[in-house]
1. Could you tell me whether the stretch 579-593 includes any residue that is at pLDDT below 80, outside any helix (DSSP H, G or I), more than 19 Å from GLY415 (Cα to Cα) and open to solvent by 100 Å² or more (accessible area, probe 1.4 Å)?
2. Would you check if there is a residue in the stretch 135-151 being under 21 Å from PRO290 (Cα atoms), open to solvent by 50 Å² or more (accessible area, probe 1.4 Å), touching a strand residue (DSSP E or B) at 6+ places or on another chain (Cβ under 8 Å) and touching a residue at least 60 places away in the same chain (Cβ under 8 Å)?
3. Quick one: count up the residues across the stretch 4-32 that are of a type in the set (A, V, I, L, M), open to solvent by less than 60 Å² (accessible area, probe 1.4 Å) and modelled with pLDDT under 85.
4. Pairs needed: first member in the stretch 387-410, touching a residue at least 24 places away in the same chain (Cβ under 8 Å) and farther than 13 Å from VAL433 by Cβ; second member anywhere, open to solvent by less than 20 Å² (accessible area, probe 1.4 Å) and part of a helix (DSSP H, G or I); C-beta distance under 8 Å; at least 6 residues apart or different chains.
5. Applying the selection to the stretch 255-276, what residues are under 19 Å from VAL103 (Cβ atoms) and surrounded by fewer than 21 Cβ atoms within 10 Å (Cβ to Cβ)?
6. Answer yes or no as to whether GLU204 is open to solvent by 50 Å² or more (accessible area, probe 1.4 Å) and assigned to a strand (DSSP E or B).
7. Please state which one of GLU204, GLU208, GLU243, GLU217 is out of contact with any strand residue (DSSP E or B) (no Cβ under 9 Å at 6 or more places or on another chain), at negative phi and free of Cβ contacts under 8 Å to residues at least 40 places away in the same chain.
8. Check the stretch 361-378 and report whether any residue there is assigned to a helix (DSSP H, G or I), at pLDDT below 90, aromatic (Phe, Trp, Tyr) and within 30 Å of ALA128 (Cα to Cα).
Amino acid sequence: MKIGVKRGTYQQLSRLLERIATPGVEHRIQGLLHSSGAWALCKLASTSEKPLLVLCRNEKEASSLREDLQTLDSACFEQKLSPVYFPHWDASLRHSIAPSIRVRLARAAVLARLSSAARPRVVVTTLAAAAFATLPPEEHKKHSLPLLTTPRDSMIRGLSAAGYLRTDSCDDPGTFSVRGDLIDVFPVDRDLPLRIEYFGDELERVREFDPKSQRSEGGDDPSLREITIFPARETLLNLSSWERVKRLARERADELNLDRRARDPLLGALAQDVYPEHSEGWAQWSYERPSSLRDYADFDCVCVDSLSVQTEWEKFTEEEARLERESETEGKGYLLLPRTAELYRDSPWVGPRGEVLARVHLDALSLDEGRAETFKAGVQTLPLSGGAEARLKAAADLIASHSGQRFRCLLFTRGQSQMDRLRYLLEQHHVRVPAQLLIYPEPLSAGFLWPEEGLLVLSEDDLLPPGARAERAKKQKNESRSSKDWSGLQALSDLAPEDLVVHNVHGIGRYIGMTRVGGVGAQSDFLHLEYAGKDRLYIPVYRLNVIQKYAGGQGAALEKLGTAHFQKAKEKVKEAVRKLAIDLVDVYAKRKLATGIVMGGRDEAFREFAAAFPFEETPDQLKAIDDSLDDLASGRMMDRLV
């Protein structure tokens, strides 16, 4: 249950926001430290009539700010803001490495959200991401497919035209498959794919399903029928754009004096529904008037740390110009792209001298005020230092002091278990929860003290010494890395040449490395796997999920492609597992009827023991502790290996 923030008498920020509502006036809020900028943005977004476009210096800061906004929105603003992060490409499109599919889908998802009824109130991004040329809103709407009014055959044609990839099974966002009257599609803006059932051209039923098991979840949900499927790409290459793209791309190739042997395979791929690599940068050729993020909403622009944003934008444009000159000199045929000035649209947020134009500037430091109306926030860093005990005592003193002055005192933690622990530790220092302090089981990057706003915010990291935080981060990183060995690969960095891998169809092979293959007239990056007898298998990089690292050492024999040996081995294992499952069901049915001893786990002695524990648990360890305590209190016989 969410507990709302109790309003006190400190409303300086609210009064400022009333003045910010005046159109045509530039405002600058200075002295915002740590996550206080996220708090100010939440207050601004909750009072603004327009959605906010928040410009950050780089992708890392934008992603971190969005996480803080999401935490504050969920805990204190009733989830009314729905902040989203609009990323830029991991690397310049002028590099030879293929653009990130993850970024492409994330960008398409934000455009879909902005085109839906549930439009987010805050979009966090960078200048480069916001200025990148994309499909115009009218084209986005033209290629959007409402389930209720789109017949089956039109849906199939429309999905292909909207950039969805037709596959045998619908496993990943941006793909679809067809089996008779069933169409499975994974929209870019949803967490689960949809199974659409038709009776002829009439929509009969829509359900969500698990992409791993391919099993439908739940019955027919009438609300799913109201869904609109939005485009999966920003640059759409289809019948309406082919001729224009071919003409302009050929002109650009001639301008660069590219050899026809490099140009023609790229253009020939268009006729076969293939998107060449780096075609994400072809918006200038696909549409007469390409757009950018600014065209999807009437935004109020907010800039975080204006000077840094301006500096990063200047560095970015200089680097793009340098890469363009190098690519033209080297004549990279597979990097056929428009000019940089066409890749990035003229930004309405950059002035003639390179200055950032925004209605509101949020700055940590005091800068030249110019003509802007300036407000000095007076946010303070929390005076917490030393070890855990010293930090807890100082935090308790802060809470006691400021709660008596009717400050709002908030604490954010990583999960329920850590919330319970810190609550107990603070109560040992005579902090009354929730009378003096509200605690939320959600993470925040850092706390702050804002006297003029009557606000004291603490994060879990503020109460932990730096060494404990570093050790926890290291454990989480190692745990995350090791967990990938037992599932589909998440990134190429998980693999090294000569590693043994297991393909879900072909079995054990050896990873040789990356190679470029001219598939269907266009070059793409593939993983090269070697099997027995020097057989070779090439897997596109976007299908990493079909293989996993072999966990049985380096002595395994490679499978032979084209044989049924691996499938027979899997069938034997399935049969053995089935027999074992039957035995286990019988054993556990008997144990279920048996009565165990009920033991209360979370008593005072346990809390004292947990509070004195000198190390920080990983998320998996915390889950194991909670599960074990729940078992002890259930009265059932327990089987658990920790």
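1. Our first condition is that a residue be at pLDDT below 80; within the stretch 579-593, this holds for 588, 591-593.
Checking the rest, the ones that are also outside any helix (DSSP H, G or I) come to none.
Within the stretch 579-593 (the criterion being at pLDDT below 80, outside any helix (DSSP H, G or I), more than 19 Å from GLY415 (Cα to Cα) and open to solvent by 100 Å² or more (accessible area, probe 1.4 Å)), the answer is no, since none of the residues qualifies.
2. No, every residue in the stretch 135-151 fails to be under 21 Å from PRO290 (Cα atoms), open to solvent by 50 Å² or more (accessible area, probe 1.4 Å), touching a strand residue (DSSP E or B) at 6+ places or on another chain (Cβ under 8 Å) and touching a residue at least 60 places away in the same chain (Cβ under 8 Å).
3. Residues of the stretch 4-32 that are of a type in the set (A, V, I, L, M), as a first pass: 5, 13, 16-17, 20-21, 25, 29, 32.
Going one step further and asking which of them are open to solvent by less than 60 Å² (accessible area, probe 1.4 Å), we end up with 5, 13, 16-17, 20, 25, 29, 32.
If we keep only those that are modelled with pLDDT under 85 as well, we get 5, 13, 16-17, 20, 25.
Going through the stretch 4-32 one residue at a time, the tally reaches 6.
4. ALA388/LEU463; ARG391/LEU463; LEU392/LEU426; LEU392/LEU463
5. Step one: list which residues in the stretch 255-276 are under 19 Å from VAL103 (Cβ atoms), which gives 275-276.
Answer for the stretch 255-276, where residues must be under 19 Å from VAL103 (Cβ atoms) and surrounded by fewer than 21 Cβ atoms within 10 Å (Cβ to Cβ): just TYR275.
6. Numbers: open to solvent by 50 Å² or more (accessible area, probe 1.4 Å): yes; assigned to a strand (DSSP E or B): yes.
So GLU204 fits the description; yes.
7. Working: GLU204 fails: out of contact with any strand residue (DSSP E or B) (no Cβ under 9 Å at 6 or more places or on another chain); GLU208 fails: out of contact with any strand residue (DSSP E or B) (no Cβ under 9 Å at 6 or more places or on another chain); GLU217 fails: out of contact with any strand residue (DSSP E or B) (no Cβ under 9 Å at 6 or more places or on another chain).
It is GLU243.
8. Kept after step one, since they are assigned to a helix (DSSP H, G or I), are these residues of the stretch 361-378: none.
No: the stretch 361-378 contains no residue that is assigned to a helix (DSSP H, G or I), at pLDDT below 90, aromatic (Phe, Trp, Tyr) and within 30 Å of ALA128 (Cα to Cα).
The values are calculated or read from the model by the stated rules, or taken from the named source; none is laboratory data. Bear in mind that the values here come from a model prediction, so they are computed numbers and not experimental data. Here Cβ is always computed from backbone atoms with ideal geometry, including for glycine, and neighbour counts include all displayed protein chains. The protein model used for the area step is the full one, side chains on, heavy atoms only, and it has no ligands, DNA or RNA in it. Shrake-Rupley method; radii C 1.70, N 1.55, O 1.52, S 1.80 Å.
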